[in-house]
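What follows is a set of notes on a single structure, which appears directly below.
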Amino acid sequence: MRFYIALLFIFSLSVSAQNPYPQDYFHAPMNIPLHTSGTFGELRANHFHAGLDYRTNQKTGYPVFASAEGYVSRIKVSSYGYGTAIYIDHPNGYTTLYGHLLKYAPKIEEYVRKKQYEKKSFEIELFPKQGEITVAQGETIAYSGNTGGSGGPHLHFEIRDTKTEMIINPLLFGLDKKMKDTKPPVVYGVLVYPLSENAVADGSRSPLLVNIKQLADGTYLADKIHAKGKIGFAVNATDKSTGSTPNNGIYKAELFFNGSPHFSCEFNTFAFNESRYVNNYIDYERYYNTGQRFQRLFVQTPYPLSLLKHNQSNGQFEVVQDSTMQNYRIVISDYHGNKTVVNGSIQYSADPATTGEPKHITPYKVKAGSDNNYTKGGVSVFVPANAFYEDFYLDFDVKDSILYLHHPTVPVHSYVQISYDVSGMSKEELAKTFIAGTAGKKLHYNESVMEDGRLTAKVKTLGQFKLMKDVTPPRIYGATFKEGDNLSKRDTLGVKISDDLSGIGTYDAFINGKWALLHYDYKTRNLTYFFSDAITDDGKNELKIVVTDNVGNSTTFETYFYRTQNTNPVENNK
């Protein structure tokens, strides 16, 4: 009996050492079957997904519960990002985040609404003091929604270390027990990369798709690769969990050479300032051109992404003459232990390359670790150190005041600063002018400011840029009522807004001269006022809505409506 207890104690210590996070401390944030439409670390545009997206049956309004006791430490309402969100600090040193909410529970909603009216702003960020808004485990704190940058109704749920703000996979806290998953990941493709100057893989100096075939046991067998020099691999893979139809991100990707681990990426925890490294982790050029995200299982220039492990030889493998047949294995896993394996082999070949793009050389070489400056035709480009991941030859030209700055297939990590000489412009012209990026026929706005007599913008994508003037005011249209309507039985009123060039900057409403809170949903272009705010008068109410774009063009919409505040509204005499 003592021996059994000792073994049990040792086993418990072993499990604890492998997973240092408290188990079963955090409860599920919703009382519905939990299925994910997004996993932790999932590859997203310019970032790794920072939490779990729980499906809500394509509906909004499900109660959202505090996963553990604590206090509300942060509240953020935004038209973008997490939309309506709430953060709770817990006594055990962790913070939970709940995003894309429809609205808060009454006591929190009242607190937020009061602050919004004080600041006269829908978008708001608050930091309540400890103990100001306390919550119990299981207490309803909000209702699920589709606000902010959400692509559909769901709850975004995160767990962070309160002090370090490191983002942690919620499944590490025992929430994996709330989900069932028996489906292994799916591998869609494998790429082999010739990495050194003399490297060739199957006659190519460029990345090449490796033919793979799924066997009866579920594993994949790759065609033999004939190569020389340094090579690396990338894999395109997703995962599906039981009860979820969309493709989710994987949990772990591992690469083995001759049975030895050489590279892995495991989605357990990462820092906010690491998230944009997703653009270096994937084959970004292929993603831009095809929409396929191949995860690179090698590193060309080391970068500080803590998700990467077992990084022997940077995941690169040297194929040399007289070497025997070499074996490699790629293992893709989900959090519940389901695995998919790709097995392959590499044979040395001295055959020269027959395909591959010639090396692109221009007069402008970007040194990724240094500052770089380029100037032509009144346009200047400043590239700060570490704005890019690798050294490369830059295409740079200015023709007819249009800046041609390489191509968006090369990702920008921080920013590139563009500035135009605008000394010939009047003050009135400058007020309506900005630096526009172009993607085909579509223009997009970049915030532009005057610095040292030049109009300057910091951009995070390459491509074409030019000065653009916006003198067209926003549109206000699609009112949900007609002028003079009696809205006593309505909960809301609303309009739609749009701006085709510089974009919406600000929006304000006034009812009988008093500022009124408008909720903005950029996805539907809706501005909505809720009569529960109770600032209307009995009888006739004057409504004024003012919308301004990012360069100061403004549109005003004025009308009136009738409303009776009592519970049995009587039609007002118009």
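Rounded to the nearest 20, the Cβ-based charge dipole of the chain about its Cα centre (Lys and Arg +1, Asp and Glu -1) stands at 640 debye. Between K441 and Y80, the distance separating the two model label sites (each 7 Å from Cα on the Cα→Cβ line) works out to 2.6 nm. Which one, (i) 32.8; (ii) 34.7; (iii) 25.2, gives mean projected area of the Cα convex hull in nm² as derived from the coordinates shown? Working out mean projected area of the Cα convex hull in nm² from the coordinates points to (ii).
Couplings 3J(HN,Hα) for region 359-369, derived from phi with the Karplus relation 6.51 cos²θ - 1.76 cosθ + 1.60 (θ = phi - 60°), are 5, 8, 10, 10, x, 10, 9, 8, 9, 4, x Hz, where x marks Gly and Pro.
If I take every Cα pair under 8 Å that is 6 or more residues apart in region 186-348, average their sequence separation and divide by the length, what percent do I get for the relative contact order?
Answer for region 186-348 is 28 percent.
Between the DSSP loop rule and a limit of at most 16 other Cβ atoms within 10 Å, which trypsin sites (Lys or Arg not before Pro) in region 54-104 are left?
Values: sites: R55, K59, R74, K76, K103; in loops: K59.
Answer by residue number: K59.
A viscosity of 0.692 mPa s and a temperature of 37 °C, combined with the Kirkwood radius over C-alpha pairs in the Stokes-Einstein formula, give region 451-500 a diffusion coefficient of 209 µm²/s. Note on Q130 and Y522: the model spin-label points, each 7 Å out from Cα along the C-beta direction, lie 3.5 nm apart.
Listed by chain and number, the lysines whose C-alpha is less than 29 Å from the C-alpha of K228, apart from same-chain residues fewer than 8 away, are K213, K252, K309, K359, K365, K367. Could you let me know the centre-to-centre spacing of region 345-397 and region 186-256, using Cα atoms, in angstrom? That distance is 25 Å. Compute the relative contact order of the chain as a whole-number percentage, counting only Cα pairs closer than 8 Å that sit 6 or more residues apart in sequence. Here the relative contact order equals 10 percent.
Among the trypsin sites (Lys or Arg not before Pro) found in region 129-187, those both in a DSSP coil and sparsely packed, with 10 or fewer other Cβ atoms within 10 Å of their Cβ, are K129, K163. What you get for region 417-477, charging only the Cβ of Lys and Arg (+1) and of Asp and Glu (-1), is a dipole of about 360 debye around the Cα centre.
Bear in mind that the values in this text are calculations on the coordinates, not laboratory data. Everything quoted here is computed from the prediction, not taken from an experiment. Cβ sites come from the backbone with ideal geometry, for glycine too, and all protein chains shown count toward neighbours.
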